[in-house]
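Here's the structure, in structure tokens; my notes come after.
The values are calculated or read from the model by the stated rules, or taken from the named source; none is laboratory data. On a predicted model such as this, the values are computed, not experimentally measured, just so you know. Quick reminder, even Gly has a Cβ in these numbers, built from the backbone with ideal geometry, and neighbours come from all protein chains shown.
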Amino acid sequence: MLRMTNLSKVYRTHMIETHALRGFEIDVKQGEFVTVTGPSGSGKTSFLNIAGLLEEFTSGEYILDGVNVKGLDDAARSRLRNEKLGFIFQGFNLIPDLNLFDNVDVPLRYRGFNARERKGRIEDALAKVGLASRMKHYPAELSGGQQQRVAIARALAGSPKLLLADEPTGNLDTRMARGVMELLEEINAAGTTILMVTHDPELAVRTHRNVHIIDGQVSDLVRHTPSLVDAGAATAGATA
Amino acid sequence: MFAYYFKLGLRNLRRNPALTALMVLILAVGVAASVSTLAILHVMSGDPIPGKSDRLFVPFIDNGQPDGYVLGAEPVDMQMAYPDAMNLLRKHPAERATAMFGTGMSIEPPRSDIPAFQAYGLAPTRAFFAMFDVPFLHGQPWTADDEARGANVVILNRTVAEKLFGDANPVGQRLIMNREPFTVVGVLGDWNPMPRYYKLIGSGPATGEEFMIPMATAVRKELTPYGSVNCSQVRDPGYASLLASECTWIQFWFETRSAFERAELQSFLENYAGEQRKLGRLKRNAPIELYDVMAWMEVRKVVGNDTKLSAWLAFGFLILCLVNTVGLLLAKFSARAPEVGIRRALGASRREIFQQFLIETGVIGLAGGLLGLLLAFGALALIGMQSRSMAAMARMDWEMLGLTFAISLCAALVAGLLPTWRACQVTPAIQLKSQ
Amino acid sequence: MEIRPILSALLRNKTGPILVAMQVALSLAILANALHIVNERREVAARPSGLSDEAATFYFSVRNLNQDTPDQMLATIKRELEVLRAVPGVASVAQVSQMPMSQSGGTTSIAADNRQQRESGYAATYFTGDSMVKTLGLKLVEGRDFHPQDIPEVNEQTNAEVPTLVIVTKPLADKLWPGAPAVGKTMYFGTGSSATGAQVIGVVEDLISAHAEIGETGIFSLIMPARQYGNGGAMYAIRSEPGQRDRVMQEAEQALRKSSATPMILRIKTVEDDRKDRYRADTALSWMLVTVSALLLLITCSGIVGMATLWVNQRRKQIGVRRALGARKLDILRYFIVENVMITSAGVVGGVLLGVGLNALLVSRLEMARLPLVYLVAGAIVFWAIGILSAYGPAWRAASISPALATRST
């Protein structure tokens, strides 16, 4: 589904170079539910941005669902993003001036579906997350958990191949967080590949596997929770 | 706290110089436009003789032809015919009365180095000077005797007197006018009522008439009336027939002792009109009108349509500038939400935030007023180029100066109300979190 | 085109859009009316006077300071005409009673039939003792000019003769006798049994009146034959050869002064200056309106740009999210342009209504003319264009916002 080979991302400002990712490798298969963990500044966000085609990378290769991303212009990347990916953000990022229906509608409009198709998809998506009855409400009227579910509906409405989630439970209490995770697991069970960035070690263990990034590189491919002791060993054993 | 906020306001002006400059400029332009047109309106429509304007009256007796006359139609001319003027002067129904017409005479100066020239003057009756509080630099009005005889006496205006006689007192000196010797009996002081309300029809030079001679003298010399002569019927040629005809060319004023005597004067005139109708005149049977100074200026459209248009335009322009300023202030203040959040977290109440931002708006208003004042002077200069009479009117006095700042300040404060109120609504918590 | 969601979002944040729409509406209303007035005044000031060479025409008002008898005055006039004609460079001289656009002159009421209830209008009364048609270079389109034998000598103090022949202007002829030739018809000086008439012997294309009034009265003029004397002075119109006016003016003045034993008062005016003076106020008003219009456009522009920039800045995160969800740069650009067009359109509609209302007020209170629709239409187009152009910059900057903004944690 998603394969990055020897990927590097360098930020250059004046005379300072920051290597956010170096020699990064990852291979996510269709149908997997993969979490990406790592301390702050490890490059998780850069990885997510590049995976989501939100940023360009400096060198290496990235193939998304069989399409080589290198060399695509902005319009093509936007198209790819629109058709193949779904996004869920930590801060929900719903548009406050639009009601739930119109919020879920946003990516569909860029897809070019006709009005009937869009309506159908939106209603289905909202029903799937259990918020169909509140279609005409505004985000401000919803709780955090509900807002995130709308965001998920928005991500799903276009039937994406890959769902990218950036700390989706970061702003939620434990009860809501659990609800969102259950929803994501349902979606994954239904066949959507999910790549989730998270801080929370408890979530990391629930998924198929966990990729741990330290200093811009993948440090661990094993499905376990890195403790303080192991973190040290993991760093020492960092592979190229 | 006021001084603190004032200082803050000044400092914040410099923070975003481009936006601030734009705001101040737009406000200034709107203020300048309004103030300059207001200044002219103020001069044009101001009471030229407060204290007396409600007891000086112009009578209108319509002596036009009855054919095709519709009641209420605008009269062709509002001057008076000679017979009516003489009758009314003789009957003396009010405290004072004067009749006048404009004319021109050639003046041959006593000094040989100045060539002969044509001068524009007024031929009023004696009461004119007392009625209109005309100031004298030298001498005084001609005597009743002079008037009765139609003597060759003249009063000069200050400019002409200085041109002909320098700084010396010319009273008693002689002057050749229309080839005859005239004796100077007085020199007018600076008298520039704006507008020259005493003679609104066929107005003379914008700087005032150059000489005044008794009306009786002008008639005796058969001087052509300058200005406007309106004859609704064909008349015989010659001056005598002009005097006897129904042609209107005389302007007339009454002065009553108080405003209350107006009704008395009105009924007197109506009786007079009735008498005249019995004699076969005044065939139109039109109602008699009496206009006090302000009403007369209104009816003669002293404040012309173009001036009113300019005033409306300026007002509309100011509103546009106001709306624009509201938008710009919204933009400016919305960027300050973090600052407001912090201030509120540190203990400022909503009211204090309101005060702070309103005062900041006030600072902008003052800056706009200052710039607007400069621009207004420029605008007045431009407007003055229209005509010489306009140039005399396009002036700024202390009242207007104060008004400039008042308008600018008020406009800014009004414009600032909404943005300031919005600024107060900022919730500290949200702002602090987003840092 | 996502019109409904854009509209819905706009309605949730009404303040900014309303402010912009108000500015557009106000500006459009004022601009349409202002430019209409400017055009009107320009047309008034551009009216032809009828003179063939305004730049070469001037006139003297002469007043002799001697106690002549009327006959002596007549002789003086004839002598002065000779003197003037002898000045080199003078193409033609005529004694006249008033000059076009001089703001000093008489009018009379006129009628096609003296049994009419109301007069047909008012016309300027030009008297000439020579050929005003030739001197001013007026264009005869029907009939003929006066012959010398048509011109009586009239002592103004004693002579009660009324003119029996008259030359009229074409507009006047068209009003009194529409569709028919005017030559041979009788024109009456007013209504009523005592009103006398004169026979029309010629029609000139244009001759503007002395006061150049707006409307009919300004273009209705009569030329009547009379050598007027007896009031101690005369007015002479002079046309010089093209381009020689100033020199001829000087020489003519000298020649005239030299020809008189007694001092004379001489007032000189050129037709060019008269035109400038007559229309000075209109020209000044026009300039003021043009200045204000330009300022209006600038201010409205700045208002639109300011607002658009503000919204872009306020919605940076949202724009990033949209891009993340698949919007291309073009989609973002289009979003802002559409949003702006909506607001501008609301302003334009408001402006058209306001403009019509303002015009109604001007017509009823300030005696101005009705506003033709074309000004509002043109104004609407201008403001639409301004709206789109002004919003383009901020919209372009919005489109350049990186989609990575969506994942940033604020």
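Being surrounded by fewer than 22 Cβ atoms within 10 Å (Cβ to Cβ), at positive phi and away from chain B (no Cβ under 14 Å) is not true of C:Gly232.
Here's the yes/no breakdown for (1) touching a residue at least 24 places away in the same chain (Cβ under 8 Å); (2) within 8 Å of chain C (Cβ to nearest Cβ); (3) of a type in the set (Asp, Glu):
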| site | (1), (2), (3) |
| --- | --- |
| A:Glu55 | yes, yes, yes |
| A:Gly60 | yes, no, no |
| A:Leu64 | yes, no, no |
| A:Asp73 | no, no, yes |
| A:Ile95 | yes, yes, no |
| A:Val106 | yes, yes, no |
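Here's the yes/no breakdown for (1) within 29 Å of the chain's Cα centre (by Cα); (2) assigned to a loop (DSSP other than H, G, I, E, B); (3) farther than 25 Å from B:Ser267 by Cβ; (4) assigned by TED's automatic domain parsing to the domain that holds B:Ala161:
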{"site": "B:Gly68", "(1), (2), (3), (4)": "no, yes, yes, yes"}
{"site": "B:Leu71", "(1), (2), (3), (4)": "no, yes, no, yes"}
{"site": "B:Pro83", "(1), (2), (3), (4)": "no, no, no, yes"}
{"site": "B:Arg90", "(1), (2), (3), (4)": "no, no, no, yes"}
{"site": "B:Ala94", "(1), (2), (3), (4)": "yes, yes, no, yes"}
{"site": "B:Thr98", "(1), (2), (3), (4)": "yes, no, no, yes"}
{"site": "B:Thr103", "(1), (2), (3), (4)": "yes, no, yes, yes"}
{"site": "B:Tyr120", "(1), (2), (3), (4)": "yes, no, yes, yes"}
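Just so you know, in the stretch B:99-147 the residues that are surrounded by 17 or more Cβ atoms within 10 Å (Cβ to Cβ) and among the β-branched types (Val, Ile, Thr) include one that is farthest from the other protein chains (Cβ to nearest Cβ), and it is B:Val134. Would you check if B:Asp54 is buried (at least 17 other Cβ atoms within 10 Å of the Cβ), of a type in the set (D, E, K, R), more than 28 Å from B:Arg284 (Cα to Cα) and within 30 Å of the chain's Cα centre (by Cα)? Here the answer is yes, as B:Asp54 does meet what is asked. Considering the stretch A:172-190, and only residues there that are assigned to a helix (DSSP H, G or I) and of a type in the set (A, V, I, L, M), the residue that is surrounded by the fewest Cβ atoms within 10 Å (Cβ to Cβ) turns out to be A:Ala189. Exactly one residue out of C:Met132, C:Met73 is touching an Asp or Glu at 6+ places or on another chain (Cβ under 9 Å) and not polar (S, T, N, Q): that is C:Met132. When the stretch C:192-219 is filtered for residues that are part of a strand (DSSP E or B) and either away from chain B (no Cβ under 14 Å) or under 30 Å from the mean Cα position of the chain (by Cα) (or both), the ones remaining, listed by number, are C:Gln199, C:Val200, C:Ile201, C:Gly202, C:Val203, C:Val204.
The number of residues in the stretch B:126-140 being closer than 12 Å to B:Met212 by Cβ and under 19 Å from the mean Cα position of the chain (by Cα) comes to 2. Looking across C:Thr309, C:Thr344, one residue alone is in the same structural domain as C:Ala398 (by TED's automatic domain parsing), surrounded by 21 or more Cβ atoms within 10 Å (Cβ to Cβ) and part of a helix (DSSP H, G or I). It is C:Thr344. Sub-7 Å Cβ pairs linking a first residue in the stretch B:176-191 that is assigned by TED's automatic domain parsing to the domain that holds B:Gln118 to a second residue that is of a type in the set (Lys, Arg), at least 6 apart or interchain, are B:Asn178/B:Lys221; B:Pro181/B:Arg174; B:Phe182/B:Arg174; B:Thr183/B:Arg174; B:Val187/B:Arg158; B:Leu188/B:Arg158; B:Gly189/B:Arg158; B:Asp190/B:Arg158, ordered by first then second residue. The residue of the stretch C:15-42 that is nearest to the chain's Cα centre (by Cα), among those that are farther than 15 Å from C:Tyr375 by Cα and without any contact (Cβ under 8 Å) to a residue 40 or more places away in the chain, is C:Ile18. Restricting attention to the stretch C:83-103, the residues that are surrounded by fewer than 15 Cβ atoms within 10 Å (Cβ to Cβ) and closer than 27 Å to B:Met105 by Cα total 1. The helices (runs of 4 or more DSSP H) found wholly in the stretch B:304-410 and carrying at least 3 residues that are away from chain C (no Cβ under 14 Å) occupy B:337-345, B:350-384. Return yes when A:Phe89 is touching a residue at least 60 places away in the same chain (Cβ under 8 Å) and either closer than 29 Å to A:Gln147 by Cα or at the interface with chain C (Cβ under 9 Å from one of its Cβ atoms) (or both) and no when it is not. For A:Phe89, the condition - touching a residue at least 60 places away in the same chain (Cβ under 8 Å) and either closer than 29 Å to A:Gln147 by Cα or at the interface with chain C (Cβ under 9 Å from one of its Cβ atoms) (or both) - is met. Scan the stretch C:379-387 and tell me whether some residue there is closer than 30 Å to C:Gln318 by Cα and among the aliphatic types (A, V, I, L, M). Within the stretch C:379-387, one or more residues are closer than 30 Å to C:Gln318 by Cα and among the aliphatic types (A, V, I, L, M). Count, please, the residues in the stretch B:60-113 that happen to be among the acidic types (Asp, Glu) and under 18 Å from B:Ala244 (Cβ atoms). Within the stretch B:60-113, residues that are among the acidic types (Asp, Glu) and under 18 Å from B:Ala244 (Cβ atoms) number 2. Taking the listed residues C:Thr107, C:Thr57, the one that is more than 30 Å from C:Glu339 (Cβ to Cβ) and within 14 Å of another protein chain (Cβ to nearest Cβ) is C:Thr107, with no other qualifying.
Selection over the stretch C:390-410 of residues that are part of a helix (DSSP H, G or I) and either farther than 30 Å from C:Leu35 by Cβ or touching a residue at least 60 places away in the same chain (Cβ under 8 Å) (or both) gives a count of 14.
When the stretch C:284-314 is examined, which residues are found to be more than 8 Å from chain B (Cβ to nearest Cβ) and in contact (Cβ under 8 Å) with a residue 60 or more places away in the chain? Within the stretch C:284-314, C:Ser286, C:Val290, C:Ser293, C:Leu297, C:Cys301, C:Ile304, C:Val305, C:Ala308, C:Trp311, C:Val312 meet the criteria. Given the options A:Glu117, A:Glu83, name the one that is in contact (Cβ under 8 Å) with a residue 12 or more places away in the chain, acidic (Asp, Glu) and either farther than 24 Å from C:Glu339 by Cβ or in contact with a Phe, Trp or Tyr (Cβ under 8 Å, 6 or more places away or on another chain) (or both). Step by step, each of A:Glu117, A:Glu83 is checked, and only A:Glu83 is in contact (Cβ under 8 Å) with a residue 12 or more places away in the chain, acidic (Asp, Glu) and either farther than 24 Å from C:Glu339 by Cβ or in contact with a Phe, Trp or Tyr (Cβ under 8 Å, 6 or more places away or on another chain) (or both). Within the stretch A:120-134, the set of residues being closer than 22 Å to A:Asn82 by Cβ and in contact (Cβ under 8 Å) with a residue 24 or more places away in the chain comprises A:Arg121, A:Ile122, A:Asp124, A:Ala125, A:Leu126, A:Lys128, A:Val129.
I want to confirm something. Restricting to the stretch C:351-396 and keeping residues that are of a type in the set (Val, Ile, Thr) and under 30 Å from B:Lys301 (Cα atoms), which single residue is nearest to the other protein chains (Cβ to nearest Cβ)? Looking at the filtered set, the residue picked out is C:Val363.
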